[in-house]
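Data block below; observations after.
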Amino acid sequence: MPVKALEENRRIANIFLARKRRNKLSFTHILAWAVVKAAEKYGNMKNSYGVQNGAPVKIERGGVNLGLAVDTTRKDGSRILLVPSIKNVERLTFDQFADAYDDVIKRARTNKLTPEELSGANITLTNPGGIGTVMSVPRLMEGQGTIVAAGAIEYPAEFQAMMPDVLSTLAISKVVTITSTYDHRVIQGVSVS
């Protein structure tokens, strides 16, 4: 999808936030908030499939517990992907969400998360675009209904070597590929009791 409007709105928001001496917003802040709003509107995204007493069931979740995939480095230099979650994120204002997001990412990178924060996500955002991946198919974890992946924000490959003024003249925008993996048994309403 084109990101021109996303870029411009982020730029304007960051000018405003700089005046208030607040942290800047990343593209991932905004994409994460969009995932929260989508999960509010389409509640099945946060539900999951399970089996109870040998029968399939839809496990309905009350709130949106947004998991944020964070690539971290351990003390020994090895890397691990942690997925802390912000519980009941739909109850937060955008400012509260941005603060909670920054806090959980900071604590993930400094090994200060609690076990509770590392569990309970029912919808997750992962951002492999941060390491240059254009598109991926994220793996759905048990207990979740949806995981969304954001690819790198870049000009389409066929336009990457063009000069900026030519891109502007042709109205070529940067794009991002958003993919998701979801449990069709829950999302598309396949019959479960």
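Nothing in this text is a laboratory measurement; each read-out follows from the coordinates by a stated rule. Everything quoted here is computed from the prediction, not taken from an experiment. Quick reminder, even Gly has a Cβ in these numbers, built from the backbone with ideal geometry, and neighbours come from all protein chains shown.
Using θ = phi - 60° and the Karplus curve 6.51 cos²θ - 1.76 cosθ + 1.60, what whole-Hz ³J(HN,Hα) does each residue of the stretch 179-187 get, with Gly and Pro shown as x?
Per residue, the Karplus-derived 3J(HN,Hα) values read 10, 8, 10, 9, 8, 4, 5, 9, 5 Hz.
Would you mind counting up the charge near Val64? Only other residues with Cβ under 12 Å from its Cβ, with Lys and Arg at +1 and Asp and Glu at -1.
+4
Dividing the alpha-carbon radius of gyration of the stretch 1-63 by 2.2 N^0.38 Å (N being the number of residues), what value is obtained?
Against the empirical 2.2 N^0.38 Å value, I get 1.70 for the stretch 1-63.
Loop-only check: which GluC sites (Glu not before Pro) in the stretch 40-130 are DSSP coil with at most 15 other Cβ within 10 angstrom?
Here the sparse-neighbourhood loop sites are Glu60.
May I ask you to list the lysines whose Cα is less than 20 Å away from that of Lys37, ignoring any residue fewer than eight positions away on the same chain?
Excluding near neighbours in sequence, the set is Lys46, Lys87.
Collect residues whose amide H, placed 1.01 Å from N in the peptide plane, falls under 5 Å from the amide H of Glu154; neighbours closer than 5 in sequence don't count.
Amide H to amide H, under 5 Å and 5 or more residues apart or across chains, Glu154 pairs with Val175.
On C-alpha positions alone, give me the angle between the axis of helix 27-41 and the longest principal axis of the chain, in degrees, nearest 10.
Result, in degrees: 40.
Through the Karplus equation 6.51 cos²θ - 1.76 cosθ + 1.60, θ set to phi - 60°, convert the phi angles of the stretch 117-122 into ³J(HN,Hα) values in whole Hz; use x for Gly and Pro.
My calculation for the stretch 117-122 gives 5, 8, 9, x, 5, 10 Hz in order.
If you work out mean projected area of the Cα convex hull in nm² from the coordinates, which of (1) 15.1; (2) 14.0; (3) 11.8 do you get?
Here the calculated entry is (2).
At a Cα cut-off below 19 Å, give the aspartates and glutamates reachable from Lys24, other chains included and same-chain residues fewer than 8 away excluded.
Glu7, Glu8, Asp95, Asp99, Asp102, Asp103
Using only the alpha-carbon atoms, how far is helix 4-19 inclined from the longest principal axis of the chain? Give it as 0 to 90 degrees, nearest 10.
On a 0 to 90 degree scale, this one is about 90.
Roughly what would the spin-label model give for Gln160 and Glu40, points 7 Å off Cα along C-beta, in nm?
In this crude spin-label approximation the distance works out to 3.6 nm.
By the gyration tensor of its Cα atoms, with a ≥ b ≥ c the square roots of the eigenvalues, what is the shape of the stretch 1-107: rounded for a/c under 1.5, prolate for a/b over b/c, or oblate?
Verdict is oblate for the stretch 1-107.
Longest span of the chain, sites excluded, free of trypsin sites (Lys or Arg not before Pro) in DSSP loop with at most 14 other C-beta atoms within 10 Å?
So the longest stretch without any such site is 140-193.
How do 160-166, 132-138 rank on mean C-beta neighbours within 10 Å, highest first?
Going from most to least packed, we get 132-138, 160-166.
Mean residue ellipticity at 222 nm from the helices of the chain, using -39,500 (n - 2.57) per DSSP H segment of n ≥ 4 over the full residue count, to the nearest 500 deg cm²/dmol?
-9000 deg cm²/dmol
Mind pulling the angle between the C-alpha long axis of helix 94-109 and the longest principal axis of the chain? Nearest 10 degrees, somewhere in 0 to 90.
80
List the GluC sites (Glu not before Pro) within the stretch 132-193 that DSSP assigns to loop and that have no more than 13 neighbouring Cβ atoms inside 10 Å.
Filter output for the stretch 132-193: Glu142.
Which whole-Hz ³J(HN,Hα) couplings does the stretch 130-137 yield from phi under the Karplus relation 6.51 cos²θ - 1.76 cosθ + 1.60, θ = phi - 60°, glycine and proline marked x?
x, 10, x, 5, 7, 8, 8, 10
Please find, in a Gaussian network model of the chain (springs between Cα atoms separated by less than 10 Å), the residue of Gly43, Gly145, Gly77 whose mean-square fluctuation is greatest.
Gly77
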